[in-house]
Amino acid sequence: MSRDIEALDSNDPLAALRTEFLLPANTIYLDGNSLGPMPRAAAERARTTVEQQWAMDLIASWNSHGWIDLPVTAGEKIAPLIGAGPGQLICCDSISVNLFKLLAVALQLRPGRHVILSQQDNFPTDLYMGQGLSRLLGQARCELRVVEESALQSALTDEVAVLLLSQVNFRDGSVHDMASLTAHAHEQGALVIWDLAHSAGVLPLAVDDWQVDFALGCGYKFLNGGPGAPAFVYANKRHHGQFQQPLQGWMGHQAPFDFSPEYHAASGMASFLTGTPPILSLAVLDEALNLFAGISMQQIREKSLALSDLFIELLQEYPALESLQLRSPRQESRRGSQLAFAHPEAYAICQALIAEAVIADFRSPDLLRFGFSPLVLRYRDIEESVKVLDRIMASEMFLAAQFQKRQKVT
Ligand SMILES: *Cc1c(COP(=O)(O)O)cnc(C)c1O
């Protein structure tokens, strides 16, 4: 099949955004779903924050450079990306820590119910946090119940306080229908917490319209906030003032600088704060989010699907690539911005790809995963990466000993 890849790139309405990022030359980055690439402005902002604000203005910067407001400032920039009105997002801590807060809050809001319902193949930290809370509160007050995806609907009994799901499955990229599962949970009297780690910044979402109760997501994946960037928390306005999150630290107090011995929660999202925010990380995330101003999530989604469709189509043209089994849904509406392929040598193939400057990742036990960041990738990168993959598979170079050794981070 002949395709005009050049035309795809020259007609790409998002093409200019690539120049906003600093990327290594001759490298194709298919891992923006794990760690987003670095916006040039982020480096500048880090430098300003350290050299001018911290070094020169010292502690006055908390007020004069708005450090103290950064959790809210950055949160409000994420709000439109997930379809949230103002006053419902804040950036702080990690997904794991924020999930602990949200699970406790959800149990408080459903006092007669004790089950957290989740999915067997949810991202493990989500399950671990549920297990930890259950140990703390005891099974009678908090039981994590984990079922297969197909059993979710029937498992929504009147014992379930909260349904906890990741919208995009981190392994195969399959997508839940958030609107309908949220509505179904509500019909059964349960609340929902959506983990949007692989959704925010790449899928059009409408958390307010879908009546989502709570959501959270990563700053460092498709939002490009940098390694270890703070996460975000969303709590729908209708629940504000009805709960008290348990990690009540001084930053979530209504008047932290009164230094009162009694905790009185701040109103609204500020009560989700615990300790002092990591300003360097937060400033970089805040800067990275500016790249989303003026582009629609619909545009991003269209390009994300076009890139991944092209990858699948090109793959089918190479006989050496037949052994890679697509594990992501073929249907566009059912997948996020990543593709997973099963192969017994997936780890070694991934290492060989990295050696050839195509950065993908591996997920145990046998998945080769490719993420598609619509802000930086060109259609020609897709074409090139499939050619490299073909070369690796046809030559079987991945069998070399150097590609078999497991690294600490995969
Ligand atoms: C990446 C990811 C996380 C990471 O959680 P942190 O606590 O921020 O490290 C959580 N959930 C999902 C679904 C993820 O993909």
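The values are calculated or read from the model by the stated rules, or taken from the named source; none is laboratory data. Everything numeric here is computed off the predicted structure, so don't read it as measured data. Cβ: placed from backbone, ideal geometry, glycine included. Neighbour counts: every protein chain shown. Heads up: the accessible areas ignore ligands, DNA and RNA and are worked out on the full protein's heavy atoms, side chains in. Shrake-Rupley method; radii C 1.70, N 1.55, O 1.52, S 1.80 Å.
What is the sum of charges, Lys and Arg at +1 and Asp and Glu at -1, for the other residues whose Cβ falls under 13 Å from the Cβ of Met397? Within the 13 Å Cβ shell, the charges total -3. Dividing the Cα radius of gyration of the range 355-401 by 2.2 N^0.38 Å, with N the residue count, gives 1.26. Per residue, the accessible area of the range 230-387 comes to 40 Å² when a 1.4 Å probe rolls over the protein heavy atoms. Our Cα-only numbers for the range 64-214 put the radius of gyration and Dmax at 15.4, 54 Å. Taking a quarter of the surface of the Cα convex hull of the range 163-282 gives a mean projected area of 8.6 nm².
Close amide-amide hydrogen proximity is noted between Asp213 and Val192, each under 5 Å apart and 5 or more residues distant or on a separate chain (H modeled in the peptide plane; Pro and chain starts excluded).
Rounded to whole numbers, the Karplus 3J(HN,Hα) couplings from phi for the range 391-397 are 4, 5, 6, 5, 8, 6, 5 Hz, using 6.51 cos²θ - 1.76 cosθ + 1.60 with θ = phi - 60°, and x at Gly and Pro.
For the range 198-267, the fraction of alpha-carbon pairs lying more than 17 Å apart is 59 percent, rounded to a whole number. Just to be sure I understand: of the beta bridges DSSP finds with both ends in the chain, what percent are antiparallel, rounded to 5? Here the share of antiparallel DSSP bridges comes out near 55 percent. Each Lys and Arg Cβ is given +1 and each Asp and Glu Cβ -1; about its Cα centre, the range 73-133 then shows a dipole of about 200 debye. When only alpha carbons of the range 257-410 are considered, Rg and Dmax amount to 21.2, 70 Å.
In the range 48-292, taking the dipole from charged Cβ atoms about the Cα centre, the farthest positive-side position among Ile95, Leu163, Tyr220 is held by Leu163. Under 25 Å of direct C-alpha separation, and excluding same-chain neighbours fewer than eight residues apart, Lys408 reaches these lysines: Lys221. Annotation: per residue accessible area for the range 79-136 equals 35 Å², rounded to a whole number [probe 1.4 Å, protein chains only].
Backbone geometry of the range 117-123 corresponds, through the Karplus equation with coefficients 6.51, -1.76 and 1.60 at θ = phi - 60°, to 3J(HN,Hα) couplings of 9, 9, 10, 3, 9, 5, 4 Hz, x marking Gly and Pro. Under the convention that each Lys and Arg Cβ holds +1 and each Asp and Glu Cβ holds -1, the size of the dipole of the chain around its Cα centre is about 660 debye. The tail of the calculated P(r) for the range 240-346, taken as Cα-Cα distances beyond 20 Å, holds 66 percent of the pairs.
Taking amide H atoms as placed 1.01 Å from N in the peptide plane, the amide H of Leu144 lies under 5 Å from those of Ile116, each 5 or more residues away in sequence or on another chain. On the protein heavy atoms, probe 1.4 angstrom, tell me the percent of accessible surface of the chain carried by carbon and sulfur. C and S fraction of accessible area: 53 percent. Across the range 48-292, Cα pairs under 8 Å and at least six residues apart give a relative contact order of 23 percent.
3J(HN,Hα) along the range 345-357: 9, 3, 4, 5, 4, 4, 4, 5, 4, 4, 4, 9, 6 Hz, from the Karplus curve 6.51 cos²θ - 1.76 cosθ + 1.60 with θ = phi - 60°, whole Hz, x for Gly and Pro.
Amide H contacts under 5 Å for Phe21: Arg40, restricted to partners 5 or more places along the chain or on a different chain, H placed in the peptide plane at 1.01 Å from N.
Remark on the chain: hydrodynamic radius 22.4 angstrom, per the Kirkwood mean of 1/r across alpha carbon pairs. Rounded to 0.05, the FRET efficiency of the Asp57 and Asp258 pair, given R0 = 30 Å and the Cβ-Cβ distance, is 0.75. The residue among Val175, Leu137, His186 whose Cα reaches farthest toward the positive pole of the charge dipole of the range 82-215, with charges on the beta-carbon of Lys, Arg, Asp and Glu, is Leu137.
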